[in-house]
Structure formats: structure tokens, C-alpha cells
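S.K.: Questions regarding the structure given below will be posed in turn.
The values are calculated or read from the model by the stated rules, or taken from the named source; none is laboratory data. The structure displayed is predicted, hence computed values, not measured ones. Please note: Cβ atoms are built from the backbone with ideal geometry, for glycine as well, and neighbour counts cover all protein chains shown. Remember, those area values only see protein heavy atoms, side chains included, never the ligands or the DNA or RNA. Shrake-Rupley method; radii C 1.70, N 1.55, O 1.52, S 1.80 Å.
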Amino acid sequence: MSLNISIDGKTCTCESGEFLLEVARRNGFYIPTLCAHESLSEQGCCRVCIVEIVSGERSQIVVSCVYPVERAIEVLTNSEKVKALRGMTLALLQKLAPASSLIAGMCKAYGAPELPRLEARADDDTCILCGLCVKACAQLGTGAIAAVNRGIEKKIATPYDQPSATCIGCASCAQVCPTGSIVVKQDAQERSIWGRTFTLLACDRCGVILDTTEAVAYAATLRDAPPEHLCPDCRKQQVAQAFVGVYGK
Amino acid sequence: MSAPTHPSPQGSKRSGEQAAVEQRTLLVCCGSGCLATNAAAVADALAEQLALSGFDALVKTGIKRTGCNGFCENGPIVKVMPDDISYYKVKPKDADAIVASLQGEPVQRLLYRADDGKRVLRHLENPFYAPQQRIALRHIGTIDPESLEDYRARDGYQALEKALSLSADALISEVEASGLRGRGGAGFPTGRKWRTAVGFETACSYVVCNGDEGDPGAFMDRSLLEGDPHGILEGLAIAAVAIGAERGFLYIRDEYRLAQQNITKAIAQTEAAGLLGDDIMGSGRKLHLEVVRGGGAFVCGESTALMASIEGRLGEPRAKYVRSVQRGLWDQSTVLNNVETLANIPWIILHGGAAFAATGTEGSSGAKVFSLVGKIKRSGLVEVPMGSTLRHLIFDIGGGIKGSRPFKAVQTGGPSGGCIPENLLDLSVDFDTLTANGAMMGSGGMIVMDDHDCMVEVARYYTNFLAEESCGKCTPCREGLRHMLRILTDITEGRGQAGDLELLEQMGTTMRENSLCALGKSAPNPVLSTLRFFRDEYQAHIHDKTCPAGVCPALTAFSIDAAVCTSCGACVKACPAGIISGSKGAPYRIAASGCIACGSCREVCRFDAVRAERKLHT
Ligand SMILES: Cc1cc2nc3c(=O)[nH]c(=O)nc-3n(C[C@H](O)[C@H](O)[C@H](O)COP(=O)(O)O)c2cc1C
Ligand code: SF4
Ligand code: SF4
Ligand code: FES
């Protein structure tokens, strides 16, 4: 079923049940997000993507990345209330991740209060506990990292903070991390992440780095095929050449 | 034949002939509280004495182990029925006296001593029980929770039978008419919840009983699950009939082993008797119930976290824009109700919604179970009509403050509830009034505080609990609690700063408005409600560096007033640091160093000779 909603005065069409964030983005509205990622399912935990929805006398703050539009609503993406709550939420995140330039930039852009009275975590902390890395790892089926502990003791870690046996060193977690918090060290031969060092595998033909040996092997088990030792380009070439070999004459 | 010399209860004057076959029953409270004070041994001793007495020939006697009577601090409790004589703090060695009394006078020394010092014989003469109106707790303390026959003998499963004969619409209308609101905390109208669930057509639907009971100090749900398991199953079965569910779960807090055991046993009994299972009472409808052990975290009691936990996922809440009645367990329509909510259901179906609505207030019908604890003379589980005043609960039922100290506040609603001051003692206890005054109903916890409780420390204590128990998923709750806790700790330790109170309020607003689930939304309540009613006390800590209640150790020093001290020496034994000295005839003294300011001496001194003073920092 199609619906018409109003976002900051502009009429926008959407399907019933669509998340408000998607509708807003499609219509050219920018709403900041931290814990949303297009290829991972929604979480609704960072609370910076809030908007205000007004219907008649009533107004309500909702989290746009998980709010399904089900009726004709009027949406304000930048009301005073939204600004105040988003500012405070960002300010709290900055105390958690004082070294994150992304958060510092957002605090500035959205006029977050400074709150010098609140104690900041260690100078080099950048993790905002958005949970994306855990989601990415779980989605792959490896599940090597998790959010451990509850409440204010929560942190992202491998089991018992020991190098994880199931980690394949693919660095998907680091790729989705909005604040670049996951330390990946890499040279021509090796990659280190989460306390383990992995040997890198290069393409048999052109020598470009494919991934860690474990990641290549894991990908093969998912496809139920022998491990691929060629990069996508060389593989295409190989297939083309085989074609030429068979039909070319 | 010799008729017993007991006063007979009203309405049951016995003729000589009846007396000979009269079934006398000794009810031994075997709730967790009484079991902890050796009730099982009391029951065994009574059984042994009965056997020795050869009593059966004269008066048929039986012994029955029941659920919790709610007055645990005076347990173990033994009731003689139908004479209706209650004995308290019974020890195994009292068994012969009790058994002998069945043919003679009641055992005076085991009777309850009322406020005026007189001994009371009957249950309902006891000031703790007299004002109560028991609906949810109606069977507890009188039936044997392990006996299906006992439950059936008291109209058990008749409500289910009636429900099966009604249309879903008529059944739900009855619950709507009762005005029953959920007893798990949020107070959502139960009938409306069921009605909405019926409106969503999913492949199947589920019913769930929330028995996670995470509020520290609350034990009403445990008491119900342990003491009246069939009552809960019947309530849940009626919910299932109403929404057409064929499967249900009872999610019971991990520590509640006896509750899990009794419920599991009750499920097996009902299936064997054809009351539940493949064919409910011959109606052709199915209902299979299962016990699920709780995930061991406070937040697992939250509805969406609870369902995630049943599905085997991490017990964290999710956004509730799509409600569980539409998409709950395994994305199917699900009705979740609290234990006490369900305990009211069979009563409502049997007596009608209107009868239930006749009790309580307009917006909050029926009665509610409270766990009344803290600095109060009589503590325990009580069920009173909604709309009773706090004063009635605390002073009439609870008997007032221990040691006759001044009342200061009552904390209601569990860890994220609020504190209500003395000038509001006449408030009606109902959902809306409590919320309007910064507190809440929660699950019905009430902790009474006197002038020796520091409200800043109380706020810090609950904030600390919530900081540990929040799931930590969303920013406002996790970070708000982190910083609130730090600031409150600073204030109680003398490091409070100007502007702290405004900052606490500002963070509180963000938490309330922007947290994901009700834990975070209500987490600032302990701070906001104490700030609302006890702001002076915060200011004294921040600006004068004093703790007016004499509680916060960093700001408090104790001394003994030589003019008042009777040198009884009680404080010497109480002092964990062992630094109080003196001798009979001379006033006692607290040594200049080594005091940890725990206040134990002040609590034990019956002459009010211990003074709390501002600690001078040198
Ligand atoms: C943090 C948190 C903990 C909760 N714990 C419980 C609990 O232990 N038992 C309970 O019945 N409801 C608990 N609730 C309320 C439930 O989410 C839900 O509202 C209730 O079980 C619904 O049943 P009712 O309508 O019969 O009250 C909790 C809510 C929150 C936010
Ligand atoms: S490491 Fe990065 S992705 Fe993972 S929770 Fe922290 S900020 Fe989010
Ligand atoms: S409000 Fe607190 S408990 Fe609820 S989801 Fe957020 S962090 Fe978890
Ligand atoms: S992006 Fe919506 S809550 Fe994080």
C-alpha cells in the first residue's frame, strides 16, 4: 500500500512498512546515522538518527532507522527537540570515544554541548559500541567477536579477550566500523587483527593480495568449491582464455 | 466424646456428631521464606507428633504444606483449620504443644502479639491480614500447591471450563469490563492487549507468562508461582483460549527453582488429567505449555528481550514500533502477561468483570499485591484494593516505622521507581497517581525509609543497579547511567560541584526521551524523583559537604553523647571495626581513628545516644 507523508514540509511517497530513514534518504533528506549499515540488518542503538513525528497535538521522538511508516505522518528532521536530544547523545558518545574524529566532527556539526564536567574515557578510545562489527562478523557466520558484559561494562571483544580460534582475519569488522576503531596491521605477507596474525595469500598469476589464507579457505567452504587462488581479474582472464582455447579456432 | 474446647469459627458451629468426623488440618507455610526458617522440619515434626498422638481416632487430622503466607519475617507459620488459629515463629520442638492443643487450649506463646500487646487467635484478627483483600493471592496459604485435587476442590479450572463455553469476543469483553491492567509494570489494559492480538492474523500465536521478577526485594510473582501454580496455568490457558494460541511458555527467573518445579509438576498434572494438552477439557482444542528458565539478567524481563531469550537469542530489547501482539515470538502474534495479571484472570471469569471493577479506582481496578519492606514494623506480601493510601499500607498494615523513628520516604516501583515524601502519604496508590508523582507502580515493591536513610545514597544505589543491569545496547541509557553514577558517587563522597543537579536533570531528559526500551526511559526516575522532593539534601552534600541523614561515610563522623549513653554496651558488639570502648557505669567512646562510619552503632542504640556529625576534613 502506498502512503503520502510529509518530511520537513515536502510530500514524499512510500510503501507502508518502509523504514522512515530510507524514505527520507530517497527523498534527499540527510539524517545522520552511526549504527546503520546498508548491508546489515537495522539495530536502532546509537540513537542519533532521531526525528520528530507530529500528528495533531501529539509529537513523538522516533528512531528513523527502525521506525516503519504505517500511516500518513508529518516528520520534522531537525526540530528543536531533535537538535537538543541528538546533541546530548553525540556529546555522550564523544566522552566514550574522545579520539574519534568522526564523532568530534558530528558534535561540531550538530552543536553538541561540551559538558566538561563529564569524565571522558582514555584518550585513544574510539569505539562507540555501535555493534556493527559484531553484526558483520555474525552475518559472515564466523561470530569471532561479541559484545561482552552488560550495561556500562559493555565492550567488544573476542571470547575471554584471547585470540579467537574462529576469526579468519577477513577484517570485515574493520570495514564496517564507522570510527576506524579496529586495529588492522598489514604488510606484504601478513595481517594482524584481534590479537592474531594471519598469512596473506596472493593471486597465483598477478601477485595481488587476495585475503588471509583462512578467509580464502572459508569462502571456499561457503561456495562448496576448492579455494580460489586467483584474483577476480585474473580469474576472468583465465576463463576467457579457456574459452578461446575451446571455441576460439 | 469430648468436643474440642476451641472457639469454633463463625458459621461452623459443630454438632457433636460432626465433630467426631471433623477433618482438622494443620497448614504449614512452606513458601521460600518459611522454608528458609526451617518450615520443612516443622512440618515433619508435626506429622510425627500427630502419628504418635493416635489422634485420627478422635479427630481426623491432616497436614498440608502450603505456599507463602506473605508474613515471612514471622515464619514458619502454622494454621489450624477450620478453627482458624495461626501460630508464628514455630519451631520443630513446638510440635507436641500444637498437637496437644488440638484437644485443649491454643498455645498462647505462639500466637501473634498485636500492637496493643494482646495475643490474636485468628488470621483475620491479625492487623497484617485484616485489611487485605485477596484476589490474586486467594488460594495462597490455604491450598497445597502440589495438589491438583486441592485446587479443583476450590473451583479450580471452572473458569477455564466457562471460558471454553464462551466466544472469544465474549471472553475478551469480560476481561475488558474488569478494567484489569497489567501487573508487570507498564499497566497496559489486559483486555485491550488480547483484543488487539486477535486482530492480527499470523500463522499461529503464542501466550507467554512473564515470571522473570527482576526487581530486587520483590517476591509476589515467586510466591504465586510457588504457592498457586494451577492458578497461573489456568490464567494462561484462558489467555490462550481467548486468542487461539496452542503453545505457551512460562519464563521463570533462573533462581526460582521451587517455582519452576511446582509449575512443571502442575503442567504434567493438567496434561494427565486432560485439562490441558492435546484436548483441553474435551473441547478439541490444544494447549502445550513449557517452562523456560530465565536468562539471569534484569533486562530479560522486558518483553522484547524476554522473547529474544526464549528464541535462544541474546536477551536484549528491540524497538517496539511493531508490537509483540502483532509480531512477537518467531514473528507470530504473541500475548505476554505478568504472573500476577494472570492470577487475576480465573477470578474475573468466574465472578465477572464488573465484580473486579467494583474494587479499586476508576483507572486502576481490582487489588494489587505489594511487597512491603524496609524500616517498617510488619513487612511482607500484602494485597489491598487499588486506591488504598500509602499511609494505610505503611501505618495500618505495616504498623509504622521500626523503633518509632520518623517516616522519611517510600520508594515504590522497583529500581527505576521513585521516592515519595511524607507530605504525600495520603496519595492513592494506583497506576496514574504514582506516575504523576514521579514514582511508579512497577511490580509493586515498596521500601519504607526513615530519617536514617540518605536520599542521595538511595538514588546512587538504584542508579548503580541500573548501570549494571542495563543491556548497554543504546547510547542514552548506557552513557547516561555511566555519567549519572559518577556524579552521584562524587556527590556522596564530597566531590559534588555547582551545576551537577542541572546536569543530572539534563541527562535524565535525554535518557527518558531517547532510550530504546523502558529500562532506559525510566532509569533517571530514582535521581529525578529524589531531586524533586529532596533537593535540599543534595545541596547539603554539594555545598556544605554534609550528609544530613548521617549515612555517607565520607561526610559523616559518629560520636557517643556521654550524657545519654547508659553504657549498655550494645554498640560495642555491633561495631565491625571494633573501636568502641568503655565499661559498665561509664559512657562508651568511639576511638578517634579507625571509624568506617557505617552507622551500625547508631542503628543498635536504643537510647539514641549516637550522634552523626559532619566529618571535618583536616
Ligand atoms: C527492564 C524491564 C524489566 C521488566 N521486568 C519484568 C518482570 O520481571 N516481570 C514482568 O512481568 N514484567 C517485567 N517488565 C514489563 C514487561 O516488559 C511487560 O510489560 C509485562 O510483562 C507485560 O505484562 P502485563 O501487561 O501483564 O503487565 C519489565 C520491563 C522492563 C522495561
Ligand atoms: S569497534 Fe567500531 S563497529 Fe565495532 S562497536 Fe566499536 S565503533 Fe562499532
Ligand atoms: S534503554 Fe538500556 S536496557 Fe533498553 S535497550 Fe537501551 S541500553 Fe538496553
Ligand atoms: S542509525 Fe538509527 S539508531 Fe543508530
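S.K.: Taking every pair of Cα atoms in chain A, average 1/r, invert it to obtain the Kirkwood radius, and report Rg/Rh to two decimals.
M.R.: That ratio is 1.08, to two decimals.
S.K.: Oh, and also: With solvent modelled as a 1.4 Å probe, how much accessible area in total do chains A and B shield from it at their shared surface, in Å² to the nearest 100?
M.R.: Accessible area lost upon association: around 3000 Å².
S.K.: Treating only the Cβ atoms of Lys and Arg (+1) and Asp and Glu (-1) as charged, compute the dipole magnitude of the range B:148-357 about its Cα centre; round to the nearest 20 debye.
M.R.: Computed about the Cα centre, the dipole is about 480 debye.
S.K.: Let me ask something else. Tell me, what is the FRET efficiency for B:HIS543 and B:ASP115 to the nearest 0.05, using R0 = 35 angstrom and their Cβ-Cβ distance as r?
M.R.: Step by step, r from the Cβ atoms, then E = 0.25.
S.K.: When the chain is fully extended, how far beyond the present Cα-Cα distance does A:ARG26 get from A:VAL239, taking 0.36 nm per residue of separation?
M.R.: That pair, A:ARG26 and A:VAL239, stretches by 72.8 nm at full extension.
S.K.: Taking 10 °C and 1.306 mPa s as the conditions, I'd like the Stokes-Einstein D for the range B:22-125 in µm²/s, using the Kirkwood hydrodynamic radius from alpha carbon pairs.
M.R.: It comes out at roughly 118 µm²/s.
S.K.: What accessible area per residue comes out for chain B, rounded to a whole number of Å², with a 1.4 Å probe?
M.R.: With the other protein chains kept in place, chain B gives 38 Å² per residue.
S.K.: Right, something else. Find the percent of Cα-Cα distances in chain B that exceed 41 Å, and round it to a whole number.
M.R.: 32
S.K.: Can you work out the FRET efficiency for the pair A:ALA165 and A:ALA217, with r the C-beta to C-beta distance and R0 = 22 Å, to the nearest 0.05?
M.R.: Efficiency computed from Cβ-Cβ geometry: 0.95.
S.K.: Tell me which lysines have Cα within less than 18 Å of B:LYS286's Cα, excluding those fewer than 8 residues away on the same chain?
M.R.: Candidates past the 8-residue exclusion: B:LYS162.
S.K.: How would you rank B:353-363, B:527-537, A:217-227, highest first, on the average number of other Cβ atoms within 10 Å across their residues?
M.R.: Ranked from most to least packed, the peptides come out as B:527-537, B:353-363, A:217-227.
S.K.: So, one more: On the full set of protein chains, 1.4 Å probe, figure out the accessible area of A:ASP125 and give it in Å² to the nearest 10.
M.R.: Rounded to the nearest 10, the figure is 40 Å².
S.K.: Net charge near A:CYS203: determine it from the other residues with C-beta under 13 Å of the C-beta of A:CYS203, scoring Lys and Arg +1 and Asp and Glu -1.
M.R.: Computed value for this residue: -1.
S.K.: Sticking with this one: Just to be sure I understand the curve: with the Debye formula and one point per C-alpha of the range B:367-450, what is log10 I(q)/I(0) at q = 0.11, 0.21 Å⁻¹?
M.R.: Cα-only, vacuum Debye calculation for the range B:367-450: -0.22, -0.88.
S.K.: With unit charges on the beta carbons (Lys and Arg positive, Asp and Glu negative) and the dipole taken about the Cα centre of the protein assembly as shown, which residue among B:GLY248, B:HIS541, A:ALA136 sits farthest to the positive side?
M.R.: B:HIS541
S.K.: Taking the highest mean first, how do the peptides B:255-264, A:105-114 order by number of other beta carbon atoms within 10 angstrom per residue?
M.R.: B:255-264, A:105-114
S.K.: Same structure, new question: Using modelled amide H (1.01 Å from N, peptide plane; none on Pro or chain starts), what sits under 5 Å from the amide H of B:ARG183, excluding residues fewer than 5 places away?
M.R.: The answer is B:ASN338, B:THR341.
S.K.: Across the residues of B:464-476, average count of Cβ atoms on other protein chains within 10 Å?
M.R.: 6
S.K.: Okay, moving on. Between the range B:95-116 and the range A:63-134, what is the C-alpha centre distance in whole Å?
M.R.: Rounded to whole Å, the Cα centres lie 67 Å apart.
S.K.: Share of Cα-Cα pairs in the protein assembly as shown beyond 47 Å, in percent?
M.R.: Taking all Cα-Cα pairs of the protein assembly as shown, the fraction more than 47 Å apart is 36 percent.
S.K.: Same structure, new question: Please enumerate, by chain and number, the aspartates and glutamates with C-alpha under 14 Å from the C-alpha of B:LYS89, excluding those fewer than 8 residues away in the same chain.
M.R.: Within the straight-line cut-off, B:LYS89 pairs with B:GLU73.
S.K.: B:ILE579 to B:ARG293: FRET efficiency via 1/(1 + (r/R0)^6), r the Cβ-Cβ distance, R0 56 Å, to the nearest 0.05?
M.R.: 0.75
S.K.: Starting from the Cα of B:ALA40, step 7 Å along the direction of its Cβ; do the same at B:ALA562; then give the gap between the two resulting points in nm.
M.R.: Once both label points are built, they end up 5.5 nm from each other.
S.K.: I would also like to ask the following. Can you tell me the Rg and the Dmax, both Å, for the Cα atoms in the range A:92-218?
M.R.: Using the Cα atoms of the range A:92-218, the pair Rg, Dmax is 17.0, 59 Å.
S.K.: How long is the gain from B:HIS351 to B:ALA586 if the chain were fully straight, where each residue apart is worth 0.36 nm and the alpha carbon distance is subtracted?
M.R.: Once the chain is fully extended between B:HIS351 and B:ALA586, it gains 77.9 nm.
S.K.: Something else now. What percent of all Cα-Cα pairs in the range B:469-583 falls in each 5 Å bin, counting up from 0?
M.R.: Per 5 Å bin, starting at 0, the Cα pair percentages come out as 2, 11, 17, 16, 12, 11, 10, 8, 6, 5, 3, 1, 0.
S.K.: Now a separate question. In the range B:289-331, which residues become less accessible by 40 Å² or more once every protein chain is in place, relative to the chain on its own, using a 1.4 Å probe?
M.R.: When all protein chains are present, B:TYR321 each give up 40 Å² or more of accessible surface.
S.K.: Roughly how crowded by other chains is peptide B:510-516, in terms of the mean Cβ count from those chains within 10 Å of each of its Cβ atoms?
M.R.: Mean shielding count: 6.
S.K.: Another question, then. Show me the ranking of peptides B:422-430, B:367-375 by mean Cβ neighbours inside 10 Å, starting with the highest.
M.R.: Going from most to least packed, we get B:367-375, B:422-430.
S.K.: Dipole of chain B (Lys/Arg Cβ +1, Asp/Glu Cβ -1, origin at the Cα centre): which of B:GLY442, B:LEU528, B:CYS300 lies farthest to the positive side?
M.R.: Result: B:LEU528.
S.K.: Averaged over all directions, how much area does the convex hull of the C-alpha atoms of the range A:199-238 cover when projected, in nm²?
M.R.: Average of the hull's projected areas for the range A:199-238 equals 2.6 nm².
S.K.: Where the only charges are on Cβ atoms (+1 Lys, Arg; -1 Asp, Glu), what is the dipole of chain B about its Cα centre, to the nearest 20 debye?
M.R.: The calculated dipole for chain B is roughly 1080 debye.
S.K.: With point charges of +1 on the Cβ of Lys and Arg and -1 on the Cβ of Asp and Glu, referenced to the Cα centre of the protein assembly as shown, which listed residue (B:GLY403, A:GLY28, B:ALA218) lies farthest in the positive direction of the dipole?
M.R.: Value computed over the given set: B:GLY403.
S.K.: Additional query: When the label point is put 7 Å from the Cα of B:GLU493 along its Cα-to-beta-carbon vector, which residues of the range B:449-477 have a backbone N closer than 15 Å?
M.R.: B:457, B:460-461, B:464
S.K.: A further question follows. Which entries of A:LYS108/B:LYS545; B:LYS93/B:LYS118; B:LYS408/B:LYS545; B:LYS79/B:LYS368; B:LYS193/B:LYS521 have Cα-Cα distances beyond 26 Å here?
M.R.: Going by Cα-Cα distance, A:LYS108/B:LYS545 fall outside the 26 Å limit.
S.K.: Give me D for the range B:148-357 in µm² s⁻¹, whole number, from Stokes-Einstein with Rh from the Kirkwood sum over alpha-carbon pairs, 25 °C and 0.890 mPa s.
M.R.: The diffusion coefficient I find is 147 µm²/s.
S.K.: Would you work out what percent of the accessible area of the range B:367-450, with all protein chains in place, is carbon or sulfur (probe 1.4 Å)?
M.R.: Answer for the range B:367-450 is 55 percent, counting heavy atoms of protein chains only.
S.K.: Here's something else I'd like to know. Once you average over the residues of B:477-485, how many Cβ atoms of partner chains fall within 10 Å of each Cβ?
M.R.: Neighbouring Cβ atoms belonging to other protein chains average 6 per residue here.
S.K.: Could I get the Rg over Rh figure for the range B:379-514? Both from C-alpha atoms, Rh via Kirkwood, rounded to two places.
M.R.: So for the range B:379-514, dividing Rg by the Kirkwood Rh gives 1.00.
S.K.: Ok, one more. Would you list the membrane-span-like helices of chain B, meaning whole DSSP H runs whose alpha-carbon atoms span at least 18 Å along their axis and whose mean Kyte-Doolittle value is at least 0.0?
M.R.: Those that pass (Cα extent of 18 Å or more, hydropathy at least 0.0) are B:39-53, B:229-243, B:339-351.
S.K.: Given only helices, namely DSSP H runs of n ≥ 4 each adding -39500 (n - 2.57), what is the per-residue ellipticity at 222 nm of the protein assembly as shown, to the nearest 500 deg cm²/dmol?
M.R.: -10000 deg cm²/dmol
S.K.: Lysines near B:LYS573 by alpha-carbon distance under 19 Å, same-chain residues fewer than 8 away left out - which ones?
M.R.: Within reach: B:LYS584.
S.K.: Quick one: what do you get for the range B:553-614 if you divide its Cα Rg by 2.2 N^0.38 Å?
M.R.: So the Cα radius of gyration is 0.98 times the expected 2.2 N^0.38 Å.
S.K.: Another question, if that's okay. About its Cα centre, what dipole magnitude does the range B:367-450 give when the only charges are +1 on Lys and Arg Cβ and -1 on Asp and Glu Cβ, stated in debye to the nearest 20?
M.R.: So the magnitude is around 400 debye.
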